[in-house]
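First up is the structure itself, then whatever we jot down about it.
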Amino acid sequence: MMLEVSHLAVDHGKLRALWDVNLKVAEGQRVGLVGANGAGKSTTLGAIAGLYPAAGGTMAYSGKQFTHHRAPDALARGIVLVPEGRRLFSEMTVRENLRMGAYAGRTRGAVAEGLEQVFALFPILRDKQAQPSGELSGGQQQMVAIGRALMSQPRLLLLDEPFIGVAPILVDEIMAALATIAASGVTMVLVDQNISRALRFVERATVIQNGRTVLEGDSATLMTDEKFATTFMGLD
Ligand SMILES: Nc1ncnc2c1ncn2[C@@H]1O[C@H](COP(=O)(O)OP(=O)(O)O)[C@@H](O)[C@H]1O
Ligand SMILES: [Mg+2]
């Protein structure tokens with residue numbers, strides 16, 4: 001397994017947000033992390049990306065166990081988070097935002113090559129590269145956030161609600177781009193409150209409720225599972 005989260009517990013201050021989250025991701029896989037608002041999806045991604053320490057349980061990445069790694073170390077090992085709400089610098093241009101994803105010390109040539117990859121994936125960003133990112137539509141800003149993550153050369157890409165505030169036509173375009181990224185060998189964890197949409201993209205999914213993993217399986221099985229359908233599919 002590339003990533004194995006076992007019985008993870010995480011606290012936000014004095015409040016426990018996660019109690020018992022389990023998540024397994026094989027190299028090259030696309031895995032969904034689904035559940036209602038407040039279930040603990042962002043907290044789980046944050047712990048994997050090094051933003052929060054584990055208060056219990058363990059995580060292992062590429063065979064190496066950790067309960068807390070610093071975010072820069074996680075990044076250096078290829079764990080890259082596309083955060084909820086995109087977190088762009090809205091006054092800065094698209095190009096400047098994309099460059100934020102490039103490691104310090106990367107050569108100019110490598111940065112230029114990274115930008116070319118992003119523009120090939122999202123051609124609209126080439127035209128808008130000199131514009132402040134705040135002037136872009138929600139979907140285009142999401143493309144910038146994904147592009148910035150690609151500039152960090154991810155091995156494991158963690159996507160937190162990438163379709164929120166994105167027009168339906170751009171959702172399909174972004175999903176197609178994510179499929180291209182996955183086909184290039186990048187492993188992905190996709191968080192989406194819209195479970196049926198997530199299941200169209202991922203191969204496996206883990207369902208969390210109130211900080212606990214309650215169900216786990218491959219997408220095809222989950223989609224036809226009656227209990228799953230009646231309990232979770234209506235939440236969309
Ligand atoms: N920074 C924080 N400080 C305190 N509580 C938080 C913080 N972030 C999230 N929480 C709480 O932790 C729980 C899980 O939140 P979160 O991981 O954001 O859920 P989800 O992403 O599934 O909506 C919620 O009860 C939420 O209110
Ligand atoms: Mg969230």
task: Only Lys, Arg, Asp and Glu count, each charged at its Cβ (+1, +1, -1, -1), so figure out the dipole size of region 114-198 about its Cα centre, rounded to 20 debye.
output: 180 debye
- prompt: On full extension of the chain, what length is gained from Thr58 through Ala179, given 0.36 nm per residue of separation minus the C-alpha to C-alpha distance?
  reply: 40.6 nm
- prompt: At 10 °C and 1.306 mPa s, what whole-number value in µm²/s does Stokes-Einstein give for the translational diffusion of the chain, with Rh from the Kirkwood sum over Cα pairs?
  reply: 88 µm²/s
field: Distance between modelled label sites at Thr224 and Ser6, nm, 7 Å Cα→Cβ extension
entry: 3.2 nm
- request: With an 8 Å cut-off on Cα pairs and a minimum separation of 6 or more residues, tell me the relative contact order of the chain in percent.
  value: 27 percent
statement: Averaged over all viewing directions, the convex hull of the alpha carbons in region 54-118 casts a projected area in nm² of 6.2 nm²
- prompt: In whole percent, what relative contact order does region 1-141 give with Cα contacts below 8 Å and a gap of six or more residues?
  reply: 20 percent
- prompt: Using the Kirkwood radius built from alpha carbon pairs, what does the Stokes-Einstein equation give as D for region 58-196 at 37 °C and 0.692 mPa s, in µm² per second?
  reply: 213 µm²/s
- prompt: Given only helices, namely DSSP H runs of n ≥ 4 each adding -39500 (n - 2.57), what is the per-residue ellipticity at 222 nm of the chain, to the nearest 500 deg cm²/dmol?
  reply: -10500 deg cm²/dmol
message: Report the Rg/Rh value for region 100-180, based on alpha-carbon coordinates and the Kirkwood definition of Rh.
response: 0.95
- line: Most fluctuating of Val166, Val80, Val144 in the GNM of the chain (C-alpha, under 10 Å) is Val166
task: Return the tail of the calculated pair distribution for region 148-236, meaning the percent of Cα-Cα pairs more than 18 Å apart.
output: 47 percent
task: Please give, to one decimal in nm, the separation of the simple spin-label points placed at Glu113 and Arg99, each 7 Å out from Cα toward the Cβ.
output: 1.9 nm
task: Under 13 Å Cα to Cα from Lys41, which aspartates and glutamates show up? Leave out anything in the same chain fewer than 8 places away.
output: Asp20, Glu84, Asp160, Glu161, Asp192
Computed FRET value (nearest 0.05) for Arg200 with Asp73, which takes r as the C-beta separation and R₀ as 35 Å: 0.55
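Every number here is computed from the coordinates shown, using simple stated rules; none is lab data. Nothing here was measured: the structure is a model prediction, and the numbers come from that model. For neighbour counting, all protein chains shown are included, and Cβ atoms are generated from backbone atoms with ideal geometry for every residue, glycine included.
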